[in-house]
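Take a look at the structure set out below.
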Amino acid sequence: MTQDGLALLIARIGLRDREAFALVYRQTSAKLFGICLRILKDRADAEEALQDIYVKIWERAVSFVPGETSPAGWLQAIARNHAIDRLRARKPVADAIDEAYDLADSTDDPEACAVAAGERRRIDVCLGELAAARAEAVRRAYVEGASYQELADHFAVPLNTMRTWLRRSLLTLRKCLER
Amino acid sequence: MTDKNADGPGAEGERADSGPMRRDELIAGEYVLGILSLEDRGKVEARMAADRRFAATVRRWQTNLSGLDDAYQPVTPPAHLRRRIERRVFGAPAPQPSLWHSLVFWRGCAFASIAVIAVLGGMVALSERAPRPAPAPTLSAEMAVTGTGIDLIAAYQAASGRLMVRPVAARQEGARSLELWLVEGGQAPRSLGILPESGEGGLIVPADLRRALGPGATLAVSIEPPGGSPTGKVTGPVIAQGPVARMP
């Protein structure tokens, strides 16, 4: 299944085309179920989540804009977001948005990317330029849905240190990916 | 205008690595990373709905980090899940014959396809020459397609021998319009207009859509509120669709 083919199928789901929905399910359900299992780590929970995810896909297909995101990325983002919402509802974590996001200016960050400017870099290239433990923290957060506290425990650093690690890593990644 | 190209503040808004913009970058990144609390995730989503620039920042993070999706190994879900999902999505139990599986509907659809071809033919003709008044039909018939709420209106012009068949969403609750959509190249459906329910049929394809109307595109008809979809997107059930082909 090409990305264009998948994009067309999602557009057809937006037209309430059941056959297209069945085809998309056949093509993508294993990947999306893999996402649910990895994040939720509970089979029954992952099965519930997968149902909700395809209901959302059916409902949201009409607003899918192909130029904005790749169709596979669009589907996987719906799956990840739903699985993470479910995980956070099950195991609440502290709110953070109202706290300060101030970091020292990262222009002089020793981790700043040293790659020559040019074509857009892939995430794995940019992760390779973070210190190994920090790249690992980013991966665990994204892939497993790990919380700040879980990451702090795993890497045996204080919670605030972990926040600073990840936020700095995000700024470094952004510069690397966009440059 | 000596400093027109100078890198002054405000030209491109704030720099992304300072102040509120950087805070937005971080929040968007943390959201996509999945590290925020449920409540904070809700705040981010509300902000995305209200702030297009912020929404674009989140989408960029999503695209940038999506390479990490490679870490997810596919696992085939159990077969019963699919049936449960279809029950939830399609409402009725899956095995129950739906509109799409109804023989009567497909018989109706054959008519509808003829009508779509007629409309398309009419559009091509209209784009090639100035519209001129057609002779008034001398006979007409209203054919109800059982169980669908769709009527097919036939109008016959004795002088030319021309018989036109148009679908009309007659028996939906309240008045309804049939809207014709163009689906092309995986893009979201774009409206070609409302199928005329009276008078001599045909509709004029908007100028900006004419290039997209060709082999490879799909035409679809949905049932919409009177006057067409209020949102510019398909809101009602799709009752017919098919690929566009060149006429031999």
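The values are calculated or read from the model by the stated rules, or taken from the named source; none is laboratory data. The structure displayed is predicted, hence computed values, not measured ones. A quick note on method: Cβ atoms are made from the backbone with ideal geometry, for glycine too, and the neighbour counts reach across all protein chains shown.
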Quiz item: Would a scan of region A:48-57 turn up a residue that is under 17 Å from the mean Cα position of the chain (by Cα), assigned to a helix (DSSP H, G or I) and facing chain B (nearest Cβ under 8 Å)?
Solution: yes
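Is at least one residue of region A:87-94 hydrophobic (A, V, I, L, M, F, W, C) and modelled with pLDDT of 95 or more?
yes
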Self-check item: Unique residue being facing chain B (nearest Cβ under 7 Å) and at pLDDT 95 or above when the list is A:Gly73, A:Gly34
Solution: A:Gly34
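So which residues in region B:32-62 are facing chain A (nearest Cβ under 7 Å), surrounded by fewer than 19 Cβ atoms within 10 Å (Cβ to Cβ) and in a helix (DSSP H, G or I), if there are any at all?
B:Leu38, B:Glu39, B:Lys43
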Quiz prompt | Any chance B:Phe90 is over 17 Å from A:Leu37 (Cα atoms) and more than 9 Å from chain A (Cβ to nearest Cβ) | solution = no
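Just to verify a result, which residue in region A:137-179, among those that are basic (Lys, Arg) and farther than 24 Å from A:Cys36 by Cα, is farthest from the other protein chains (Cβ to nearest Cβ)?
Top of the filtered list is A:Arg179.
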Exercise. Among the candidates A:Ala61, A:Ala22, single out the residue that is of a type outside the set (Asp, Glu), over 20 Å from B:Ser66 (Cα atoms) and either touching a residue at least 40 places away in the same chain (Cβ under 8 Å) or not assigned by TED's automatic domain parsing to the domain that holds A:Ser147 (or both).
Key: A:Ala22
